[in-house]
Structures are given as C-alpha cells and as structure tokens.
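To keep things clear, I will list the structure first and then write my remarks on it.
The values are calculated or read from the model by the stated rules, or taken from the named source; none is laboratory data. Everything quoted here is computed from the prediction, not taken from an experiment. We place every Cβ from the backbone using ideal geometry, glycine too, and count neighbours over all the protein chains shown. To get the accessible areas, we keep the full protein, side chains included, count just its heavy atoms, and leave off ligands, DNA and RNA. Shrake-Rupley method; radii C 1.70, N 1.55, O 1.52, S 1.80 Å.
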Amino acid sequence: MILLLFGPPGCGKGTQAAHLAERFQIPAISTGEIFRAECKAGTELGRKACMIMSGGGLVGDDLVNRLVAARIARPDCAGGFLLDGYPRTVPQAKQFAAMLRERGLPDPMVIHLDVAEEALVVRLTARRQCPKCLRIYNVMWQAPRQPDRCDDDGEQLIMRDDDQEAVIRQRLAAYRALTGPVLGWYGEAAVRTVDGGLAPEEVARAVETAVLQTAAR
Ligand code: AMP
C-alpha cells in the first residue's frame, strides 16, 4: 500500500499521517521532516536544504527525488509507505511514477484532506507560544490555565510571526498554487477527497474508509 497524503497547513495532516501509519503498519515519511533533521545534523544536504527552507523556497526536484528514492528503498518500506509533503510539483509526481514503475510497485492512493480556508485561518491563528520555554498552546482546544500566560513559567504567551493572518493566507495560497497542478496530474478519478473539517477521529474514520475502498477496487 502506497499512500500520498495531501492537505493544507493546519488541516491536521500530521495527526492523520500518524494514525494511518499505525493502522496500516507502514512508515509515514515526511520530506519536510527529513530536511529539518538533515539541517539540524549539519550535513551537506542539510546545509543546502536549510538555506532554501529559510528563504521559503522549495528544494530542487532532483535532490528531493533522489532522497525519496533512497528512503523508499529501505527495508521498512517493503510492505508499503505513506508520503507526506511529496510529490509537491508535477515533475516530482512524474519522477515518482517512474520510480514506482521501475520497482514494479503499484500506483499510489492519493488522499486529499480538504478544509475550508476560513476554518484553517481560525485554527492557525489560535496558536500561542511561550517565548521562554517554547511550549505551544492553542486558545481553542489547549488553552493555558490563565489567559495568555504559560502554565509552566507564567510568561506572557506570544503569537508567532508565521501564525499571523496575512502570513497564513499567503501560506495557504502557496499551497493551493503548488498542490492544485499535482492533484490535477493524478486526475479526479484517482484522488479521494476527504472532509478534513470534521473532528480528528471522524476524519481518521473517513480516511480509513477511503483507503480500504480504494484498496478493494
Ligand atoms: P513541510 O514540512 O512539508 O512544510 O516542508 C518544509 C520545507 O521543506 C518546505 O518548505 C520545502 O522547503 C522543503 N520541502 C519539503 N518537501 C519538499 C518537496 N517535496 N519538494 C521541495 N521541497 C520540499
């Protein structure tokens, strides 16, 4: 089983990826996480990726494709895998299709978590952080005990720059501009769109049903 998970920032994709990985006993691979880890480790790849990521750009297709090819060749992927954050461009999608063909692997199942932009803006602007211990809160569902104060050290909580509404709208527009053509390349018939605006457990159930139905085809 090869799953590709698409969804805008703030849609709960990470939670669903973890749930699917557990449910189907496959590794969840996030290209963003791999780049962040390489960045931290200060490897050659990490240094390149760091520069690109901090400028808000995309890592080059060749580099990402090579990294994914190496990752999915590892033994833990023998029974399938889930990719989150890849493919992000049509050339990546084409190269990924070639990779699967070369290895005699099946076509991927494409799951698209769809959430209305307004709902995402509300969710994402609710995030707060303690500037001292960096603990994250959400005023909607993980509120601090005292309004705007960190439970651990009493610091005044702040809103991060990338959670400001204008920045969030920009991130959402960038996501739409990138993902639209990739989903278009897979074609409507191949993409299973799930309502990501429901409660996380309901989204998980709907995603699981979509995966099982696609697998049974
Ligand atoms: P993410 O955590 O998926 O938002 O990824 C964080 C950053 O990693 C992105 O902003 C890109 O700079 C880089 N990145 C992750 N996946 C890809 C990809 N498939 N193609 C190009 N760049 C990527």
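Residue by residue through segment 7-34, note down the ones that are of a type in the set (A, V, I, L, M, F, W, C) and closer than 25 Å to Arg128 by Cα.
Once the filter is applied, which keeps residues that are of a type in the set (A, V, I, L, M, F, W, C) and closer than 25 Å to Arg128 by Cα, segment 7-34 yields Cys11, Ala17, Ala18.
Just for segment 38-55: of the residues that are open to solvent by 60 Å² or more (accessible area, probe 1.4 Å) and in a helix (DSSP H, G or I), which one is nearest to the ligand (Cβ to nearest atom)?
My answer is Met53.
For segment 75-115: of the residues being aromatic (Phe, Trp, Tyr) and outside any loop (DSSP other than H, G, I, E, B), which is surrounded by the fewest Cβ atoms within 10 Å (Cβ to Cβ)?
Phe96
Between residues in segment 30-42 that are farther than 15 Å from Leu5 by Cβ and residues that are within 11 Å of the ligand (Cβ to nearest atom) and open to solvent by 70 Å² or more (accessible area, probe 1.4 Å), which pairs lie under 7 Å by C-beta distance while being six or more apart or on different chains?
Partner pairs satisfying both residue conditions: none exist.
Given (1) more than 8 Å from the ligand (Cβ to nearest atom); (2) part of a loop (DSSP other than H, G, I, E, B), where does Gly14 come up short, assuming only one miss?
(2)
Would you be able to say whether some residue in segment 161-183 is closer than 18 Å to Met1 by Cα, without any contact (Cβ under 8 Å) to a residue 24 or more places away in the chain and open to solvent by 40 Å² or more (accessible area, probe 1.4 Å)?
No, that holds for no residue.
For segment 91-99, check the following and say yes or no: at least one residue is aliphatic (A, V, I, L, M), at pLDDT 95 or above and out of contact with any helix residue (DSSP H, G or I) (no Cβ under 6 Å at 6 or more places or on another chain).
Within segment 91-99, one or more residues are aliphatic (A, V, I, L, M), at pLDDT 95 or above and out of contact with any helix residue (DSSP H, G or I) (no Cβ under 6 Å at 6 or more places or on another chain).
With respect to Phe35, determine if the residue is of a type in the set (Phe, Trp, Tyr), within 11 Å of the ligand (Cβ to nearest atom) and modelled with pLDDT of 85 or more.
In short, yes.
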